[in-house]
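Participant: Pasting a structure here, questions to come.
The values are calculated or read from the model by the stated rules, or taken from the named source; none is laboratory data. This one's a predicted model, so the numbers in the text were calculated from it and none came from an experiment. Heads up, the Cβs are rebuilt from the backbone with ideal geometry, glycines too, and the neighbour counts pull from every protein chain shown. All accessible areas refer to the heavy atoms of the entire protein, side chains included, with ligands and DNA or RNA removed. Shrake-Rupley method; radii C 1.70, N 1.55, O 1.52, S 1.80 Å.
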Amino acid sequence: MADATTTLASQENLLLEYVQRLEEHRRGRSAVHVHIANLHANNRRESHMRMAANTFESLVKSLQGQLFVLSNGDLMFIFKTESEDLVHSAIVKLRFMFADDPLLDDVMESEESAFESWYSMERDFDKLLQNAKTLVEEATSRLSQQAQRKRFQENKPQVRRKEPLTPAMLRRVEHALAQADLSNLVRRQSICAIVGRSPPQPIFSELFVSIADLRDTIIPNVDLTRDRWLFQHMTDTLDRRVLSMLSKHDDRTLDSDISVNLNISTLLTQEFLKFDDNVKAGVRGSIVLELQVLDIFADLSAYQFARDVVHELGYRICIDGLSLHALEYVERDRLGADMLKIFWEPAIAEKLNDPDETAVVQAMLKKNGLSRIVLGRCDTREAIEAGQSLGITLFQGRFVEEGLADDQRKRRVGTVLLIDKSDKI
Amino acid sequence: MKGPTNKLPPSAKEMFTTAAVVTPESLLLDVVERLGRIRHGWVAAQVHLSQLKPQNRQEAHLRIAMRMFDPLVSGYRCQVFLMTDSDIIIIGRDVPMVDLDSAVFRLRALFDKDPLTYTEGEDGHDPFATFYHLEDDYDYFLQEAERLRAVVEARKRNPNLQAKPEPKPLNSELLIGIMAALNDVDMLKYLQRQAAIQVVSSNHARVILQEYFLSMQDLRRDVAPDVDLFTNRWLFLHFTQGADRRSLVALQNVVKVSKPPVISLNLNLSTLETPEFAAFEKGLLPGQTLNIEVQLIDVFADLKGFFKTRDALRAKGYKVILDGMMPSTLHFTDISKLGMDYIKVMWSPELIDPHHPTKGREPKDIIAELGPMKFILTRCDSEASIRWGLSMGILAYQGHLIDTMVTLTTMAACPDQANCTAQQCSSRRNAAGGAGRLGCTNFAGLDSFPEISLDLLTKRISKKA
């Protein structure tokens, strides 16, 4: 890790050296600085950065210029002015690649662009030199900040440093899962109706296993979710363990209104049928089975069959974990599901600033039935308010839990006061 | 709690291996024989699940099917038997016919995508289920029970008909060994290619792409001979990621030699970020371009990532194809929003069944809406498939029938045609490279993208018929 950052930082030093050396050879040279670092985080994944850098590959190979991949992700390309057109088309390609990023909302033809800055070495040499120096300083301070943070957070697990799951580790995880006591890893979170500023009214509660806690308990140095397919397989195992836990006769969980997140293949297993045996006939209608969209589209025929089976048994289906973006492609009606759960993200609030976008979002929600939508991961009041302004009434998340706890506390206080009063009388 | 139906009875295969005498068939016959004297009020139903398509009668399906009769077991003490061939037989006394009927009806609804539930029997009989009032139909029912047992007994006696040992289901333990074995095989052996054509005039078609793919069955035979590689979806997908990378390495030389202008590859999206893919791209000859075929699951596993990748591929001039759709699954999402260059839809014969539930309506509308030019009908193995495709306005086709057309055209134009049979030519054409192509004396012809005369095919087919 330390080595990698040192190497990255030295790209800034190399750039500075290179620019200094060009002082005597400014003629016929230009540079372009591509501000990848200013893109939205979603657009700055490693693969995007690699693709962006690759755009210049042929130019580098044909000795048209020199590319510097800076430690913040920015690209600096210094090239012979004669290949300016080729460089421009590389930039057009890049712009196309990141077209949906707000940074690129500027008009392409305009001189001033937030996405890239152009330099003519003859005209702007000093500006470029200054820029290179600033980049070195920034990189150095970033490095030292990183080192500091590392010192302070030594005990905080860093996702990046965790190993991805491999088949061999998966086997170990499965063995561990078979023995682990899941009951203390199962969390409960309420889905509540919230209207206006009134306290949350619990409708049902989701039972789930906290994957982070599970990981810390059984295999702390492994990133369980990075290999998506192996992770999905692990959740198959997890599902069966959770179901058999819920099916224990001494557990009264099944008497209440709950939702459980399960894989589609789990719905056809013996464990699910045993779970179903333990669910009282009248309660089934209030049990919600939450399914992942990935799982649904993995095999639509299998989904169709499982959906019909659980509907026949009396359960309801909620499509879980949708982003607002995903909602454009997932329609409740088409999939024959009963509910949808969208995860709150700040991008939703951003959309609400624009009346046109708000209308689009509203139409999308309405099409799916406002009363059938849960807004999940609401950790702030802002999330609830944004959801409410869109007409959503069902919410889930930390903020909802806090509101619920608050309300219960108030009720208890209320009760005590009442008793106090009666005592006085 | 709910009686015997909660557990699947041991399958016949298990019984053979333990050399047990008891089979579900012998149990059934026993019960039926005892009913001979007390037929009054007894009813039975036989649900012919054995006639479902194999993909619809997996263990999980049968488990659910048995479950549908639980109310009859708890309410009327019915007995339910799962036969070796997957048929289900329910027997009970004083069961209101309406209850028995509604249980069968609910089961039928679950399998409503299978032709068994919507096709009519030749003699007017319902091919999905047969009902017996034992008072009147006892003899027929006894006959059926005897027949079922005789079949199983015969199979037991005939060693050739005995079931082979079941392949082990894939698990993480087995996967470790399989992933290692993958590194030791010569992938070239398993790589195949198949062309897709597009009809360009009333009697001509041209090849629009050459798809390279792994013959998974052949690969499985060598790396996991006793394992069922395919039913565990997630572990299989992990396996394909490894297989993708190894295939790309092997393909690098193949496409340099055979020089297809349009190479279609069915890859995991994650493979596009591997060094193997980068190296493959780098090795492409000038003028060669790629089609990347993606599965819907990969699209929905990371929508944002998919769009980014799609745009990056497009920026390089590649085309993006949505693979693996069925006409019956086209309506689940608005595919037009995914912005694919092509959509591959699988042909299956029940599409032209007059009782097919989605016939003519949704697929046709969706295809028309998206533009038939965007579709490639795959698995075309009959003239009927092409006819159906043409009726939808689809002009691009892929499948064994198309392979035959391409082979016939290749042979017709080959100066050495007298040396080979059509079958030899076809299997050499299908091999991506390596030993599978040996014997051909005209590689240029073998790798050509010929213009195809549709007349040629019609003549051959009618001659065969």
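Participant: May I ask you to list the residues in the range B:165-192 that are of a type outside the set (A, V, I, L, M), open to solvent by 40 Å² or more (accessible area, probe 1.4 Å) and in a helix (DSSP H, G or I)? Outline the logic, then answer.
Facilitator: The initial filter retains those residues of the range B:165-192 that are of a type outside the set (A, V, I, L, M), namely B:165-169, B:171-173, B:177, B:183-184, B:186, B:189-190, B:192.
Of the ones still in play, those that are also open to solvent by 40 Å² or more (accessible area, probe 1.4 Å) are B:165-169, B:171, B:173, B:177, B:183-184, B:186, B:189, B:192.
Those that are of a type outside the set (A, V, I, L, M), open to solvent by 40 Å² or more (accessible area, probe 1.4 Å) and in a helix (DSSP H, G or I): B:Glu173, B:Gly177, B:Lys189.
Participant: Is it the case, given these coordinates, that B:Glu59 is open to solvent by 20 Å² or more (accessible area, probe 1.4 Å), away from chain A (no Cβ under 14 Å) and touching a Leu at 6+ places or on another chain (Cβ under 9 Å)?
Facilitator: Against the criterion (open to solvent by 20 Å² or more (accessible area, probe 1.4 Å), away from chain A (no Cβ under 14 Å) and touching a Leu at 6+ places or on another chain (Cβ under 9 Å)), B:Glu59 does not qualify.
Participant: So, one more: Being within 14 Å of chain A (Cβ to nearest Cβ) and more than 20 Å from B:Leu170 (Cβ to Cβ) is true for just one of B:Phe236, B:Phe277, B:Phe230. Which residue is that?
Facilitator: B:Phe277
Participant: Which one of the conditions (1) of a type outside the set (Ser, Thr, Tyr); (2) under 18 Å from the mean Cα position of the chain (by Cα); (3) within 13 Å of chain A (Cβ to nearest Cβ) does B:Cys380 fail to meet, given that it meets all the rest?
Facilitator: Result: B:Cys380 passes all but (3).
Participant: Considering only residues that are in contact with a helix residue (DSSP H, G or I) (Cβ under 7 Å, 6 or more places away or on another chain) and open to solvent by 60 Å² or more (accessible area, probe 1.4 Å), which ones fall in the range A:353-379?
Facilitator: A:Glu357, A:Arg372, A:Asp379
Participant: The conditions are (1) facing chain B (nearest Cβ under 10 Å); (2) open to solvent by 30 Å² or more (accessible area, probe 1.4 Å), and A:Phe305 fails exactly one of them. Which is it?
Facilitator: (2)
Participant: Mind counting the residues in the range B:217-240 that are touching a residue at least 24 places away in the same chain (Cβ under 8 Å), in a helix (DSSP H, G or I) and open to solvent by 30 Å² or more (accessible area, probe 1.4 Å)?
Facilitator: Summing the residues that are touching a residue at least 24 places away in the same chain (Cβ under 8 Å), in a helix (DSSP H, G or I) and open to solvent by 30 Å² or more (accessible area, probe 1.4 Å) in the range B:217-240 gives 3.
Participant: Hey, could you check the range B:312-358 for residues that are of a type in the set (A, V, I, L, M, F, W, C) and more than 27 Å from A:Ser323 (Cα to Cα) and say which is nearest to the other protein chains (Cβ to nearest Cβ)?
Facilitator: My answer is B:Met346.
Participant: Let me ask something additional. Restricting the range B:242-271 to residues that are under 22 Å from the mean Cα position of the chain (by Cα) and open to solvent by less than 30 Å² (accessible area, probe 1.4 Å), which is farthest from B:Ser172 (Cα to Cα)?
Facilitator: B:Ser264
Participant: Considering only the range A:316-337, I want to know if a residue exists there that is open to solvent by 30 Å² or more (accessible area, probe 1.4 Å), more than 14 Å from every other protein chain (Cβ to nearest Cβ) and without any contact (Cβ under 8 Å) to a residue 24 or more places away in the chain.
Facilitator: No: the range A:316-337 contains no residue that is open to solvent by 30 Å² or more (accessible area, probe 1.4 Å), more than 14 Å from every other protein chain (Cβ to nearest Cβ) and without any contact (Cβ under 8 Å) to a residue 24 or more places away in the chain.
Participant: Among A:Glu109, A:Glu138, which is the only one that is modelled with pLDDT under 85, more than 15 Å from A:His33 (Cα to Cα), surrounded by 15 or more Cβ atoms within 10 Å (Cβ to Cβ) and away from every other protein chain (no Cβ under 14 Å)?
Facilitator: Checking each option against the conditions leaves just A:Glu138.
Participant: Check every one of the helices (runs of 4 or more DSSP H) wholly within the range A:5-101 and list those with 1 or more residues that are closer than 23 Å to B:Leu272 by Cα and within 25 Å of the chain's Cα centre (by Cα).
Facilitator: Output list reads A:46-54, A:84-97.
Participant: Of the residues B:Pro363, B:Pro372, which is open to solvent by 30 Å² or more (accessible area, probe 1.4 Å) and of a type outside the set (Gly, Ala, Ser)? It would help to see each step written out before you state the result.
Facilitator: Working: B:Pro363 fails: open to solvent by 30 Å² or more (accessible area, probe 1.4 Å).
B:Pro372 is the lone residue from the list that is open to solvent by 30 Å² or more (accessible area, probe 1.4 Å) and of a type outside the set (Gly, Ala, Ser).
Participant: Restricting attention to the range B:283-311, which residues are open to solvent by 40 Å² or more (accessible area, probe 1.4 Å), more than 18 Å from B:Ile208 (Cβ to Cβ) and more than 9 Å from chain A (Cβ to nearest Cβ)?
Facilitator: Correct list: B:Leu285, B:Pro286.
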